[in-house]
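Taking it in order: structure first as structure tokens, then the write-up.
The values are calculated or read from the model by the stated rules, or taken from the named source; none is laboratory data. Owing to the predicted nature of the structure, the values given are computational and were not obtained by experimental measurement. Virtual Cβ from ideal backbone geometry, glycine too; neighbours counted across all protein chains shown. Ligands, DNA and RNA are excluded from the accessible area calculation, which covers all protein heavy atoms including side chains. Shrake-Rupley method; radii C 1.70, N 1.55, O 1.52, S 1.80 Å.
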Amino acid sequence: MNRVGIGYDVHRLKEGRPLILGGVNIPHDTGLDGHSDADVLMHAICDAVLGALGEGDIGSFFPPSDPQWKNAPSKIFLEEAARQIESRGGRLINVDAMLIAEAPKIAPHVDAMKANIAAALDVPATTIGIKATTNETMGFVGRGEGMAAHAVASVELPD
Ligand code: MG
């Protein structure tokens, strides 16, 4: 049985925060704000995987009200999503994700992001697709106020 899930996330950009995308710390004048490391890309992917399993979102596993997740590296969320697949005897077929950010340039970091995400999900890097676009200067992304990410995941589960 093949299942698909969708994930979406957005975080605000703020001065004085590191910019961490796909587990890569990228030099930039602002970083994403949030309770964890605010890795918007990993969060969207996590929700896509959990969605494919019919589970609740990332917040139902890691409540933002819980202080132990403060500044937590988001790979732990993906590791939990991988455990959820494994506990069902399933297999992650693929993930495809789209990051929407006006700056900085994402392309030089995509291979490192894929490697980090694949490691957290315990799959080959070829399982993970990452693309990025700007918002053509429009809206909150275009003004550099935040970043957004969309993701889909396909999971094979036993019948
Ligand atoms: Mg988030």
**Complete:** Quick calc, segment 72-144, dipole around Cα centre from Cβ unit charges on Lys, Arg (+) and Asp, Glu (-), nearest 20 debye, gives 20 debye
**Complete:** Per 10 angstrom bin, beginning at 0 and ending with the bin that holds the maximum distance, the Cα pairs of segment 21-80 fall in percents of 23, 54, 21, 2
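Kindly rank 71-77, 41-47 from highest to lowest mean number of other beta carbons found within 10 Å of each residue. Could you put the intermediate results ahead of the total?
Values: 71-77: 18.9, 41-47: 30.0.
The packing order, highest mean first, is 41-47, 71-77.
Probe of 1.4 angstrom, ligands and nucleic acids ignored: what's the accessible area per residue over the chain, in square angstrom? Kindly include the intermediate steps, with their values, before the conclusion.
Working: 7770 Å² over 159 residues.
For the chain, the per-residue accessible area is 49 Å².
Carbon and sulfur atoms: what percent of the 1.4 Å accessible area of the chain do they account for? It would help to have the intermediate numbers written out before the result.
Working: 4110 of 7770 Å².
Carbon-and-sulfur percentage of accessible area, whole number: 53.
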**Prompt:** Non-local amide H neighbours of Gly129 (under 5 Å, H modeled in plane, Pro and chain starts lacking H): which ones?
**Reply:** Val95, Asp96, Ala97
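Using a simple charge model, +1 on the beta-carbon of Lys and Arg, -1 on the beta-carbon of Asp and Glu, nothing else, what dipole does the chain show about its Cα centre, in debye to the nearest 20? If you can, show how the numbers build up before the last one.
Working: 13 positive and 21 negative charges, 33 e Å.
It works out to roughly 160 debye.
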**Prompt:** Taking θ as phi - 60°, what are the ³J(HN,Hα) couplings along segment 93-105 by the Karplus curve (6.51, -1.76, 1.60), each to the nearest whole Hz, with x for Gly and Pro?
**Reply:** 7, 6, 10, 10, 9, 10, 9, 10, 8, 6, 7, x, 5
**Asked** Beyond 18 Å, what share of the Cα-Cα pairs of the chain remains, rounded to the nearest whole percent?
**Response** 54 percent
**Prompt:** Residue farthest toward the positive end of the dipole of segment 2-156, with Cβ of Lys/Arg at +1 and Asp/Glu at -1: which of Ala97, Gly144, Leu53?
**Reply:** Ala97
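Roughly how many debye, to the nearest 20, is the charge dipole of segment 1-66 about its Cα centre, given +1 on each Lys and Arg Cβ, -1 on each Asp and Glu Cβ, and no other charges? Don't skip to the end; give the middle numbers.
Working: 4 positive and 10 negative charges, 24 e Å.
About 120 debye.
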